[in-house]
Structures are given as C-alpha cells and as structure tokens.
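Only one structure is covered here, and it is reproduced in the block below.
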C-alpha cells in the first residue's frame, strides 16, 4: 500500500503561492524574450539595408568627376542634334 501524505492548509497555501510566483516569473521572462527577439529582428532588418545590392544608393554622394562631366556633355550634344 502506498504511503499517504497529509498536507496542512499552510503547506497547500505555500505551494499555491510558489506556483503563482513561478507563473509571474515565466510571464516576465516571456515578455523579455519577445522584446529581445523584436530587437534582433529590427537589427537584422537594418543590417540587410546596409548589405543591399545597391550600395551606391545608400552610399550618399552622387557621381562626381570626369565620368559625370562626360555624360552631361554627351546628353547636351544629343539634345542639340
């Protein structure tokens, strides 16, 4: 025959309070995890923008120098002819 355990009212209350505390800690950990996952996703999205196949678009400065002057002159000649 299995032994029978008798728990007092106070022991049952302690177990119930401990379960509530554990549930609260789990909820806090879940919120923290969601926050970290969101930050990770946001960081990955930002990083993917900087690793774009069109870096010159994000690079900032437009073309300067001889190539830009040649294309402007050739466009001007095309317009005049």
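Here residue 50 meets each of (1) surrounded by 10 or more Cβ atoms within 10 Å (Cβ to Cβ); (2) modelled with pLDDT under 85 with one exception, condition (1).
For beta carbons closer than 9 Å, sequence separation of 6+ or different chains, a first residue in the range 5-22 that is in a helix (DSSP H, G or I) and a second that is at pLDDT below 95, the qualifying pairs are 15/7.
The values are calculated or read from the model by the stated rules, or taken from the named source; none is laboratory data. What you see is a predicted model; the values in this text were computed from it and never measured. Cβ atoms come from the backbone with ideal geometry, glycine included; neighbour counts cover every protein chain shown.
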